[in-house]
Amino acid sequence: MALNPSLNAAYAAAQAWPNTQAALAPQAAGQMAARLAAADDPAWPGHLPADVAGMLAGHGSMLAAWIAARHQGIPCRIGLSGGQGSGKSTLAGLTAALLRREFGLSTVVLSLDDLYLSRVERAQLAAEVHPLFVTRGVPCTHDVALGEALLADLVADSGQVALPRFDKAQDERLPKSEWPRVDTPVDVLLFEGWCVGAAAEPDAQLEAPVNALERDEDADGRWRRAVNAALAGPYASLFGALDALVYLAIPDFAAAGRWREEQEAELRKRAAGGMTPGQVERFVAHYERLTRAMCRSMPLRSDLLFELDEAHRVAAVRPGGASGSRGFRSDSAPGTQHAPGKFRV
């Protein structure tokens, strides 16, 4: 396999990252980011301050090099997860653009959010299982079968594949006629979502409520047990198709609430809706249990860990506890072919 010049230059450093301080020489990462910005690529986060956008693009350059150096001619599926407001969607978009532009790898981003069930389907789930399922977000509220099919079809020779799209403003999935179509197989599939890679908790952990929402509206634990069962069943199968997992670790659960409120406040300023602070507090409470569990477990279950500070910046990047266990070998030479491992939950 002929290597793109950027990959050839980045390979040695990317192999060692994050065991060393940098995946690329700082100037190389900066040059990649600058080229992306100059190209006016839609992935560039122009809504963010220039220094923040540049920082994220620099980390996206390093992440792109890490993925590209391990591609080795075999399609790979990378999970990218993190608490609400952690920046995973922005980082996924930047990384995908850099993989395409700098490394010549066809790359698609699939969002877990785009797999949400329709309002009618969630209303049925709320009526049959628990009223809290009317709110999208937690496991059980996604079309897992569609996700599994996409993770398989996008890296196979499946012709054109349609990517689902969910309109959060309308709280509804767009008609299939409006889904974008991509040619397959893709080289890299980035699967991003707040709970991608999460695992079920031990049953004993479900007994005590973690907040007022669980105490008052899930007193018998039916809702949280259904979520946990989904994680142990269909979601484990979905996440088991991943070849590596990148986790954006937030400082604590409170940060998720603060960052989500910042997003909603911006929406309110633009007169485009946005939840009130009280609505944000209730909405985020649906995710508290699993977010806290992921803060504890995901550093050990991920291949690569981005640690975020209170200022929403990347404070450190280090190998996760699962680094090197799923077939992304650090000792491979360029052009080496080896079967990718699987992310096992």
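Close contacts from region 291-317, counting a first residue that is free of Cβ contacts under 8 Å to residues at least 40 places away in the same chain and closer than 26 Å to Val210 by Cβ and a second that is crowded, with 17+ Cβ neighbours inside 10 Å and of a type in the set (Gly, Ala, Ser), with Cβ to Cβ under 9 Å and a gap of 6+ residues or different chains, come to Leu300/Gly320; Leu300/Ala322.
For Val155, the conditions (1) in contact with a strand residue (DSSP E or B) (Cβ under 9 Å, 6 or more places away or on another chain); (2) at pLDDT 95 or above; (3) over 30 Å from Ser302 (Cα atoms) are fulfilled apart from (3). Scanning region 100-119 for residues that are assigned to a helix (DSSP H, G or I), at pLDDT below 95 and over 16 Å from Lys176 (Cα atoms) yields a total of 4. Taken across region 305-322, residues that are at pLDDT 90 or above and surrounded by 18 or more Cβ atoms within 10 Å (Cβ to Cβ) do occur, with at least one present. If you go through region 58-96 and keep only what is touching a residue at least 40 places away in the same chain (Cβ under 8 Å), within 30 Å of Gly257 (Cβ to Cβ) and assigned to a helix (DSSP H, G or I), you end up with His59, Met62, Leu63, Lys88, Ser89, Thr90, Leu91, Ala92, Gly93, Leu94, Thr95, Ala96. Checking each residue in region 33-45 for being charged (D, E, K, R) and either surrounded by 21 or more Cβ atoms within 10 Å (Cβ to Cβ) or outside any loop (DSSP other than H, G, I, E, B) (or both) picks out only Arg35. Criterion applied to Leu48, Leu56 was being at pLDDT 50 or above, surrounded by 20 or more Cβ atoms within 10 Å (Cβ to Cβ) and over 14 Å from Leu99 (Cβ atoms), and the one residue passing it is Leu56. Among the residues making up region 256-291, those that are within 16 Å of Trp194 (Cβ to Cβ), in contact with a Ser or Thr (Cβ under 9 Å, 6 or more places away or on another chain) and part of a helix (DSSP H, G or I) are Ala256, Trp259, Glu264, Phe283, Val284.
The values are calculated or read from the model by the stated rules, or taken from the named source; none is laboratory data. Source: prediction; values computed, not measured. Neighbour counts are summed over all protein chains in view; Cβ atoms, including those assigned to glycine, are modelled from backbone coordinates with ideal geometry.
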